[in-house]
Amino acid sequence: MARHKLSSSDGEGFLRAFHDSLRDTESNHQVEVIITMRLSDRKGVVVVVLRAYKAGERDAAYPQAQYSREYPTAAVGSFEAALYQASVKLDHILTQQELWPMGKA
């Protein structure tokens, strides 16, 4: 959860919130988050991928959870904000997995 109030133009604030969010996710869910970035097939677009591996299992074949996000999009104004939103989504996925471990909602 972000510890600072953010405005849409606060790039540094979004980076701090992104960092805090990932550290909280790693601590709360006992995972290690790996961040990668690749080029999209669409010109000028990158894809940021966040993968959460169980702590100590970084070399596992499959992550416990994964979330990817393209940038730029119409939904978010800055790259920093896109990173923060991706970290929040990854945390949400992990929380849902803990609530319903067999996929039952």
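The values are calculated or read from the model by the stated rules, or taken from the named source; none is laboratory data. None of the values given here were measured: they were computed from a predicted structure. Neighbour counts are summed over all protein chains in view; Cβ atoms, including those assigned to glycine, are modelled from backbone coordinates with ideal geometry.
What the table shows:
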quantity	calculated
Close pairs from segment 8-27: first over 14 Å from ALA81 (Cβ atoms), partner of a type outside the set (A, V, I, L, M) and exposed (fewer than 14 other Cβ atoms within 10 Å of the Cβ), Cβ under 8 Å, at least 6 apart	ASP20/ARG3
Residues of segment 66-79 classified as modelled with pLDDT under 95 and in contact with a Lys or Arg (Cβ under 9 Å, 6 or more places away or on another chain), total	1
Some residue of segment 98-105 being in contact with a strand residue (DSSP E or B) (Cβ under 7 Å, 6 or more places away or on another chain) and modelled with pLDDT of 90 or more	no
Single match in ARG51, ARG42 (criterion: surrounded by 17 or more Cβ atoms within 10 Å (Cβ to Cβ) and either at pLDDT 95 or above or farther than 19 Å from LEU90 by Cα (or both))	ARG51
Residues being outside any helix (DSSP H, G or I) and of a type in the set (Phe, Trp, Tyr) - total across segment 59-105	4
